[in-house]
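A.B. asks: The structure under discussion is supplied below as structure tokens; questions concerning it will follow.
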Amino acid sequence: MAKIRPGKRDLDSYAIKGTNKVVRAGDCVLMRPSDTDKPSYVARVEKIEVDNRNNMKVRVRWYYRPEESLGGRRQFHGAKELFLSDHYDVQSAHTIEGKCTVHSFKNYTKLDNVGAEDYFCRFEYKAATGGFTPDRVAVYCKCEMPYNPDDLMVQCEGCKDWFHPFCVGMSIEEAKRLDRFLCYGCSDENSKRPESTLPSVNKVEPKRRKK
């Protein structure tokens, strides 16, 4: 005689054990890895359910870190960058350690300080093929790399492109002291322009992390 599968029912929320935090579908969470030497996994909760034995499960959609992807971590990947994967899974709700926030790339760049639970995502990732959506993003500087919010960049007042100090022969300290900046191409074209008419330089500072 076939065994009858225990019934399941959906829950609206789950209280993380030992905390006052409540998780609902759509929230991003930190989940305990099997290898304690690894950082917590990050996932988006899709569904919360419990069976008639009071076993609580969550259906999650995993975020991947750049080093977990087929291409690995690259220079333009931020320290808090994640990829929203097409990898779904069912896990025990008791493996949830806490909540976190995965910001859009635009919102992340507007943060004054980055907390331990702040991350950002600008790509969706296909785990089986290593493909990304979108497959192209804007690139900057002579190195033609996408923007890494952890790096200082300066904007040329002529062409309005953004540059890494190292790529234009400057140290970080020198770039921070700049009042005005023209790239090599624009400085040649504007060599006869009076310095007093040049506007102040724009800078994108690295994201600061809260201690």
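A.B. asks: Under 22 Å from G26 (Cα atoms), touching a residue at least 24 places away in the same chain (Cβ under 8 Å) and of a type outside the set (S, T, Y): which single residue out of V154, V114 fits that description?
C.D. replies: V114
A.B. asks: In addition: Only one of these is open to solvent by 10 Å² or more (accessible area, probe 1.4 Å) and out of contact with any strand residue (DSSP E or B) (no Cβ under 7 Å at 6 or more places or on another chain): T101, T95, T133, T129. Name it.
C.D. replies: T129
A.B. asks: If you go through region 88-107 one residue at a time, do you hit one that is under 26 Å from M31 (Cβ atoms) and touching a helix residue (DSSP H, G or I) at 6+ places or on another chain (Cβ under 6 Å)?
C.D. replies: no
A.B. asks: Let me ask something else about it. Within region 139-160, how many residues turn out to be farther than 23 Å from P66 by Cα and surrounded by fewer than 16 Cβ atoms within 10 Å (Cβ to Cβ)?
C.D. replies: Qualifying residue count, region 139-160: 3.
A.B. asks: State which residue is farthest from Q91 (Cα to Cα) when the search covers only region 16-40 and only residues that are open to solvent by less than 70 Å² (accessible area, probe 1.4 Å) and either at pLDDT below 95 or in contact with a Leu (Cβ under 8 Å, 6 or more places away or on another chain) (or both).
C.D. replies: Top of the filtered list is T19.
A.B. asks: Here's something else I'd like to know. All but one of (1) without any contact (Cβ under 8 Å) to a residue 60 or more places away in the chain; (2) more than 22 Å from W162 (Cα to Cα); (3) not basic (K, R) hold for C141; state the number of the condition that does not hold.
C.D. replies: (2)
A.B. asks: Name every residue in region 82-107 that is under 21 Å from N54 (Cβ atoms) and either in contact with a His (Cβ under 9 Å, 6 or more places away or on another chain) or among the hydroxyl-bearing types (S, T, Y) (or both), in order of residue number.
C.D. replies: Hits for region 82-107 are S92, T95.
A.B. asks: On to the next question. If we scan region 111-118, do we find a residue that is in a loop (DSSP other than H, G, I, E, B), more than 13 Å from the chain's Cα centre (by Cα) and either surrounded by fewer than 16 Cβ atoms within 10 Å (Cβ to Cβ) or small (G, A, S) (or both)?
C.D. replies: yes
A.B. asks: Would you be able to tell me the number of residues in region 62-83 that are hydrophobic (A, V, I, L, M, F, W, C), surrounded by 20 or more Cβ atoms within 10 Å (Cβ to Cβ) and more than 21 Å from K21 (Cα to Cα)?
C.D. replies: Pass one, region 62-83, residues hydrophobic (A, V, I, L, M, F, W, C): 62, 70, 76, 79, 82-83.
With surrounded by 20 or more Cβ atoms within 10 Å (Cβ to Cβ) added as a condition, the list becomes 62, 82-83.
Okay, now just the ones that are also more than 21 Å from K21 (Cα to Cα), so 82-83.
So the answer is 2.
A.B. asks: Now for a different question. Given the residues R59, R53, R9, which is the only one that is open to solvent by 90 Å² or more (accessible area, probe 1.4 Å), part of a loop (DSSP other than H, G, I, E, B) and basic (K, R)?
C.D. replies: R53
The values are calculated or read from the model by the stated rules, or taken from the named source; none is laboratory data. Keep in mind that what you see is a predicted model, and the values were worked out from it rather than measured. FYI the Cβ positions are ideal-geometry reconstructions off the backbone, even for glycines, and counts take in every protein chain you see. Note: accessible area is taken over every heavy atom of the protein model, side chains too, but ligands, DNA and RNA are not part of it. Shrake-Rupley method; radii C 1.70, N 1.55, O 1.52, S 1.80 Å.
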